[in-house]
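Each remark here refers to the structure printed beneath this line.
The values are calculated or read from the model by the stated rules, or taken from the named source; none is laboratory data. The structure displayed is predicted, hence computed values, not measured ones. Note that each Cβ is placed from the backbone with ideal geometry, even for glycine, and that neighbours are counted across all protein chains shown.
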Amino acid sequence: MNAPTVDQAVALQQAGDIDAAAAAYAQLLAADPRQPALRHNLGRIRLQQGATAEALPLLEQAWAEDGAHDGWLRSLGTIGITLYDLGLWEDAWHWLSRAAARAPAGTRLAPALTDTLRRVSPRDYLAPEVYDPQQGRTFLRHVPRESDTYVYAIDVIGTCPVGNFAAAQRPKGFMKAELFGSILDKIVAERVAPRPAVCLFNRGEPMLHPALPELVQAVRQRGLPCHLSTDLNVRSSLRELARASPDKLKISLSGFRPELYACAHARSDLALILANMRLLRQYLDEAGADTHVWVGHHSYKGGEAELPAVESLCDELGFAHHPVAAFYQPLERLVDLLEGRGAPDPELDLPIEPPRDYVTRIRATSSERHDCELRFNQTVINQDGSVALCCGVYDQPNMLGLQFVATPHSALEEAKYRHPFCATCMRHGLSYTVRDALKPGGFS
Ligand code: SF4
């Protein structure tokens, strides 16, 4: 085949034939590597194809060779947004910062770029790295994905052990109002972040707490964002809750097939949840509440078919819809499974992807340099005021043995970083961390 010309390669790219254009650029660069514009174009195509491990070195080299070229003005923002859409926020920040620095004097970035740059920028309240004494190494911190501020997850109700962990020792009962108030006062006094979020849930169903609306009001009176998550099986205080107007409310929906829902939630049925969703919409409207409601739709195998129906229901009710593949928990059970301990678990009869498969897949692209968001950006407080290692664990050995109100934040952090379970969790690739753009094959 004859060598392509530059014009032919560009024409292929402009016509949308990116595979052929990439081949042509690669051929031209092999013949003469001193062509940063072609390297840039090839990098952009590789990025478009999701081949970030190839794209980023090409783009970096092109930038180093020819970063002053005006052509970059159009390109920097697009590269940043593409990386953001791929979940690679640290890389997106790098390129969007360059876009901001290169914006012509007297002009500003487009609002969408400015908003994205703000979301992916490192947080002042987080040290950029941390030493882990258990593992004898330093981890980088990344921009939190789950929240744009520090998170306190308060289990206002302690419930019976989950089905696959009957032997777990957990505090039970309702959190008392005085304890709750003391916790909020300490959160305000410590100011770990400018305006930390308070989530009134972890393992227990918060709607079972008889004073939940008052608890929401107490959070909001202190000027803090209040988030809830519920399976919406209970409606007794729904109207009062809508009046209390939490900032965000997640409805946790275990599939959209009645037989499957009943399997995931004993003593409940999907028809009740759907009725309660409509009731919630009605009560929020009555109260004029601006609560952002979203449906965390746990999708089981074969669940793709149910997505349009849930999407349409959410559209009708003005709720956001976030499908997520159902996964196995808690972490202690997952570690048992991966280490070959224990009998086959009945919950595995639920149609989820086998945990070994998805753990292997996620691990293939996970960063090994970054810390776990669940330990650097979250404090989990149990119903009795004690503190857990993170929201992923369940059993007593993974509680820190410290009371939140009596323990300074720095001492809680130290206890988390000294806890041995994180090393086990990370060894299995289970920590909540970011993807590594330079691991090959992850996005193709
Ligand atoms: S590393 Fe694992 S156990 Fe430790 S905080 Fe993260 S998710 Fe929890």
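Can you tell me which of Leu402, Leu389 is in contact with a helix residue (DSSP H, G or I) (Cβ under 8 Å, 6 or more places away or on another chain), without any contact (Cβ under 8 Å) to a residue 24 or more places away in the chain and in the same structural domain as Ile157 (by TED's automatic domain parsing)?
Sole residue among the options that is in contact with a helix residue (DSSP H, G or I) (Cβ under 8 Å, 6 or more places away or on another chain), without any contact (Cβ under 8 Å) to a residue 24 or more places away in the chain and in the same structural domain as Ile157 (by TED's automatic domain parsing): Leu402.
Which of the residues that make up the range 17-50 are within 23 Å of Leu73 (Cα to Cα), modelled with pLDDT of 95 or more and small (Gly, Ala, Ser)?
Ala21, Ala22, Ala37, Gly43
Which condition breaks for Arg119 when tested against (1) among the basic types (Lys, Arg); (2) touching a helix residue (DSSP H, G or I) at 6+ places or on another chain (Cβ under 8 Å); (3) modelled with pLDDT under 95?
(3)
Take the residues in the range 409-425 that are within 11 Å of the ligand (Cβ to nearest atom) and touching a Phe, Trp or Tyr at 6+ places or on another chain (Cβ under 9 Å), then tell me which one is nearest to Phe139 (Cα to Cα).
Only one residue tops the list, namely Tyr417.
For the range 360-408, give me each residue that is within 12 Å of the ligand (Cβ to nearest atom) and charged (D, E, K, R).
Asp371, Glu373, Arg375, Asp395
Could you pull out the residue among Asp357, Asp436, Asp395, Asp371 that is surrounded by fewer than 16 Cβ atoms within 10 Å (Cβ to Cβ) and of a type in the set (Asp, Glu)?
Asp357
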